[in-house]
Amino acid sequence: MHELQSGWFLENAWLIPLIPGIAFFLILFIGKKLPMKGSELGLASMAASLVLAAGAAYQWVQRTDAAAGTESAGPVGFVAGFARSIAASEGGHAEPFVAPVIRSWTWWQNDGVELGIGQHIDGLSVMLLLLVTFISLLVQVYSLEYVRGDRRYTHFFAAITLFSAGMLVMVLAENMIQLILGWEIMGVCSFMLIGHWWEEEPNARAALKAFFTVRVGDVGLLVGTSVLFFGANEWTQDHLGVSGFSIEGLQAWALSGDASHLVLLWGAVALFCACIGKSGQFPLHTWLPDAMAGPTPVSSLLHSSTMVVAGVFLVARLYPVFWEGFSIPDSSTNVIVVIAAITIVISGLLAFVQNDIKKVLAYSTVGQLGYMMLGLGAGAWLPAVFHIFTHAFFKCCLFLCAGSVSHSGSHHSFDMKKDMGGLARKMPITCGAWIVAALALAGVFPLAGFFSKDEIIDNVGYNGYTVFMWIALGGAFLTAAYTVRATYLTFFGESRGAAAVGDAHHQAGLGAALSAHDAPHDVQQEGELEADAAHGEAGKVAVLLEEDGAGHGDHGHDEAHPPHESPKLLLIPICILAGLAVLAGFANATPFGEQWENFKEYVEPRPELVSATPGGVAGAETPSSETESGAAGAVPAADEGGDESEGSAEAEAAVGCGLTVPEESAVCYFPAVDHAEFKWSKAAVSLIVVIAGLVSSWFVCVALYTKRNRHLVGLTERFAPARAGYTFLANKYYLDALYEGVIVRGIAHPIAAAAYWINQNVIDGIVNGAGRAGKWLGGFFYKNIDQGLVDGAVKGSGTVANATGHALQPVQSGKVSQYGGLLFGAAAVGAIVLVIINV
Amino acid sequence: MIVAADNINVAQNVAFGIIAFLMVFSALCVVTTKNVVHAALWLVLVLAGVAAQYVLAAAEFVAVSQVLVYVGAVMVLFLFGIMLTRAQIGKERGLNNKSWALGIPVALMLGGLLSYVIIDEFDDTTMPDAGPTPTEAIADNVLAPYLVPFLAISFILLAAAIGSIVLARKD
Amino acid sequence: MLAVNFLLLGAVLFSIGVFGVIARRNAVMVLMSVELILNAVNLNLIAFALLHGNVDGQVFALYVIAVAAAEVGVGLGMVLLVYRNRRSISLDELSEMKG
């Protein structure tokens, strides 16, 4: 028996959230006095955390390699992976369970229940730590420029640093309480950040909506945690010596076979409610698009690697609970996949009717989260987690591009139809990055999205969820199509609104029927010569547009300015992310064989039996209350180091993890999930679907634009050039109708509108209806019970009634004493009823 | 109320009866007197009576706390409140609100209900004869199993102190 | 000594306090009545502590005393504020919450 390798970075991973947490307070208290207004503290803390996370990742890879009995070969691990894959192919599934590095300190205890705070570092945590710190760092760099000169610059950096810290706390949470802590920190920070410009009422409302919608789900988190605690505590104390809040304990308990299926089911349902709220799944997804009211860096951080991923992370983390609770291996449908499939379809259709570029991205996030949930719900743990990884890069890149466009191209507007278009020429770098990331989102072959999304679809079908596989394929088509629509409206076609400022041909161009393709370069040159003449006119347009755009108009440029490429501080993060949107997929490139499957190797826990340590050797609570079960509890059931027959025998016994009951004194921490074998024939189907989506959408867009330009020729010629700006606005509406008209006759709009209608009416309606029902009930009680019954009874009771009846008539008198009287009276009546019943 | 029976400590019972009568009378005065300052003084009597009952019930530490906190601090606070709001020192009209009679049926109903339930359940239960409670036992309880409520209380007191300063200061 | 003694005394004090809360107009008087209610509850806690022979009831009585002190502090602060703004502490006039 050899001990698992550990290291300083793994042992001290708890520093990773602590550093930004401390930085938050430092920024808050001394940030304003610093030369860069506190942003340097945020950046420094994220950079430090990134270094620590990278160290932890490196050591985790080494630990896994060492456990697998091969020489470690560096952080990338391609070589090691290759070597190991050979070993694995010879010795069957001889790889042992790599125990997470768990440390725990007692936080507080009360009457026997002990709550720890600590770290639970395994492949999933390490991956997310790296991801969150990396994305946060880039977003903060981007924010340096994007929110420069903002009123609450310092507070912005404080909140965004705490936000990352919250996610990091959650990611390495050792127990459920700590997970809830991180979860709620994120909730509060998202409220602060979405409402960053709270002076404008829609922003404040969006922040409230986000907060409250997520809170609705959070009730599920509390309920689920309690249910699981009371279900598991005894078992975990007996078998592992940890409390029922411990994540490790819950994982083992769920797979032990001793857990009541009913408890698991309800625990899983409650926890999934929390995920629905946090990860924007179907009934509660409405907050995500509204959350776009926040500054763009916030949206990008929120939507890529933190907030919304929290729900997915929760499911991935407590996967055994969901696995057993929803009987994932034995069924062909469950709550998770149904919700996820609805989410995918609904969000895909909604994205078509959005004009706000960020809202398109928001709905696409909703959809991609749906894919992750679908994967998790259908037993495709690894692809879903991998999709978290790839999605973070390209979605963050897309958001940052949208921010770059609004910052430099469309005068702080996010309206694609009013203020964008034709920006490809003016912002080539942003456009290039956008296109790369958008293709990655759509899932085109060598880019990141392909490897993860295709894997999800493939595995979902492979695990018997056939119907949902087809829904997911349909979702892929929609994703591709609306991505193209957003791209076209933003970067191609003719320039509109603020995007056309200083670009005189936007007026002439309308008349000259210029489309993106035949726009002659010299016209643009000419346009720039005439820019000064047209500036006044166009400036007015832009100002008009800005008023109803989503722009904050808070910092920066007071005058309209022509679109230009963004400054370097914006472009560098964008380019890095675009690069990663290309490369991230190769981290687990299934098509190229097993040696490329690093995620399978290092992130996915092995479904192997581990000898339990009853009486709590692993979790023995020493008086110093620091436990270290990483090395001690990590001993694999059999040392497979040299003896292959023994190893494979052990593997056979362990195949049942999550499928059969593990034998006494052994525990599983992860169910045996199936992996579909990659086949090009299967991938080809989804590639064809994606490409069909891309191409058809492109042609629809081009056709619409051409058509509309031809139509415009006649219109604009009739109007004087001086009024061209005005007519541009006026015709805009007409053209919108045309655009919509064609799409309506196509496929999308009726369904999309219906979806949107359901979104607005049914879902919001339920909420509003509940409110209205409450109001009506109140009125009913007031009229009938208060006014009729109570009043009548009082009046009927003689002289006392005469004195009080008058005062009682308007029960809602605002007088405290009357409320007090009613309160105590009602309590007495209630108690009397109880007494009578009990007698 | 049985004054004397073989299983009853008569002296204790008599003392209880006298104090209880005083308390009830004072309490009635608190809620009916027309003079605010008098009401406060009657309240002192009630609170002191409660402290005396605590002593009878072998809860010395609580009794002392009661005297310190209520009779010492809270009552002074009340008197300050009365002075600062310039209530008339003498009789005051309209100390009761118009619908004061509503209180009578509600109070009677509650009192009747509680009495019924209590008599129904504890009709002839006698208290065990207990010596004084060691303060150490209370300390052990406060600082071990009820530590979290204790911390909560300290936060409440802190918040109340800050809150009342913020509320009451002139600015 | 009978357990009902204490409990009935508590019940009576409680009812008197409730009457005071409902009947009184002066905010300070209402606070006093609330004190009556709290003391009635405390009396019960002490009685049950004696009855069951453990000190949990006493501990909670102490907590209630602490909370009551906080309540009076904040309550009187609010009364002062109301008085300063309106020159009156009559609860009848504070009816902005009228429905």
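Residue check: A:Ala206 meets all listed conditions (1) of a type in the set (A, V, I, L, M, F, W, C); (2) at pLDDT below 90; (3) surrounded by 24 or more Cβ atoms within 10 Å (Cβ to Cβ) but one, namely (3).
The number of residues in segment A:163-185 being surrounded by fewer than 24 Cβ atoms within 10 Å (Cβ to Cβ) and among the aliphatic types (A, V, I, L, M) comes to 4.
Pick from segment B:64-74 the residues that are touching a helix residue (DSSP H, G or I) at 6+ places or on another chain (Cβ under 6 Å) and more than 9 Å from chain C (Cβ to nearest Cβ): which of them is modelled with the highest pLDDT? Write out each step before concluding.
Taking segment B:64-74 and keeping what is touching a helix residue (DSSP H, G or I) at 6+ places or on another chain (Cβ under 6 Å), we get B:65-67, B:69-71, B:74.
Still in the running and more than 9 Å from chain C (Cβ to nearest Cβ): B:67, B:71.
Working: B:Val67: 92, B:Val71: 84.
Selected residue: B:Val67.
Take C:Ala47 and decide whether it is more than 12 Å from the chain's Cα centre (by Cα) and farther than 21 Å from C:Tyr63 by Cβ. So C:Ala47 does not fit the description; no. Restricting attention to segment C:28-60, the residues that are of a type in the set (Gly, Ala, Ser), at the interface with chain B (Cβ under 8 Å from one of its Cβ atoms) and farther than 24 Å from B:Leu151 by Cα add up to 3. The one condition from (1) under 15 Å from the mean Cα position of the chain (by Cα); (2) within 30 Å of B:Arg169 (Cβ to Cβ); (3) within 7 Å of chain C (Cβ to nearest Cβ) that B:Gly81 does not meet is (1). The number of residues in segment A:669-695 that are acidic (Asp, Glu) and at pLDDT 80 or above comes to 0. Here is a check on your reading of the model: is C:Leu81 of a type in the set (A, V, I, L, M), within 7 Å of chain B (Cβ to nearest Cβ), without any contact (Cβ under 8 Å) to a residue 24 or more places away in the chain and over 24 Å from B:Thr125 (Cβ atoms)? Yes. Would you call A:Ile247 surrounded by 20 or more Cβ atoms within 10 Å (Cβ to Cβ) and under 25 Å from the mean Cα position of the chain (by Cα)? The answer is yes for A:Ile247.
One residue alone among A:Ala99, A:Ala48, A:Ala73, A:Ala94 is modelled with pLDDT of 85 or more and touching a helix residue (DSSP H, G or I) at 6+ places or on another chain (Cβ under 7 Å), and that residue is A:Ala48. If you filter segment A:168-203 down to residues that are in a helix (DSSP H, G or I) and at pLDDT below 85, you find that the one that is farthest from A:Phe134 (Cα to Cα) is A:Glu201. Exactly one residue out of A:Leu129, A:Leu162 is touching a residue at least 24 places away in the same chain (Cβ under 8 Å) and either closer than 18 Å to A:Cys396 by Cβ or touching a Gly at 6+ places or on another chain (Cβ under 6 Å) (or both): that is A:Leu129. Tell me, yes or no, whether segment B:124-133 has at least one residue that is more than 9 Å from chain C (Cβ to nearest Cβ) and at pLDDT 85 or above. Looking for residues that are more than 9 Å from chain C (Cβ to nearest Cβ) and at pLDDT 85 or above, one finds none in segment B:124-133, hence no.
Note on segment C:64-78: among residues that are more than 7 Å from every other protein chain (Cβ to nearest Cβ) and under 19 Å from C:Arg25 (Cα atoms), the one that is surrounded by the fewest Cβ atoms within 10 Å (Cβ to Cβ) is C:Glu71. Consider segment A:565-613. How many of its residues are among the charged types (D, E, K, R) and under 20 Å from A:Val405 (Cβ atoms)? Adding up the residues that qualify gives 2.
I'd like to know if segment B:138-155 contains one or more residues that are touching a residue at least 60 places away in the same chain (Cβ under 8 Å), over 30 Å from A:Gly825 (Cα atoms) and at the interface with another protein chain (Cβ under 7 Å from one of its Cβ atoms). Yes - at least one qualifying residue is present in segment B:138-155. Could you say whether any residue in segment C:83-91 is closer than 30 Å to B:Ala59 by Cβ and buried (at least 22 other Cβ atoms within 10 Å of the Cβ)? Checked segment C:83-91: no residue is closer than 30 Å to B:Ala59 by Cβ and buried (at least 22 other Cβ atoms within 10 Å of the Cβ). Just checking, how many residues over segment A:669-693 are part of a loop (DSSP other than H, G, I, E, B) and out of contact with any strand residue (DSSP E or B) (no Cβ under 6 Å at 6 or more places or on another chain)? Count: 9. Search segment A:1-35 for residues being without any contact (Cβ under 8 Å) to a residue 12 or more places away in the chain and outside any helix (DSSP H, G or I), and hand back the single one that is farthest from A:Val101 (Cα to Cα). It comes out as A:Pro35.
Scanning segment A:219-242 turns up no residue that is aromatic (Phe, Trp, Tyr) and crowded, with 22+ Cβ neighbours inside 10 Å.
When B:Leu28, B:Leu43 are checked against the criterion of being part of a helix (DSSP H, G or I), hydrophobic (A, V, I, L, M, F, W, C), within 7 Å of chain C (Cβ to nearest Cβ) and surrounded by 18 or more Cβ atoms within 10 Å (Cβ to Cβ), a single residue qualifies: B:Leu43.
The values are calculated or read from the model by the stated rules, or taken from the named source; none is laboratory data. Since the structure is predicted, the reported quantities are computational estimates derived from the model, not experimental observations. We place every Cβ from the backbone using ideal geometry, glycine too, and count neighbours over all the protein chains shown.
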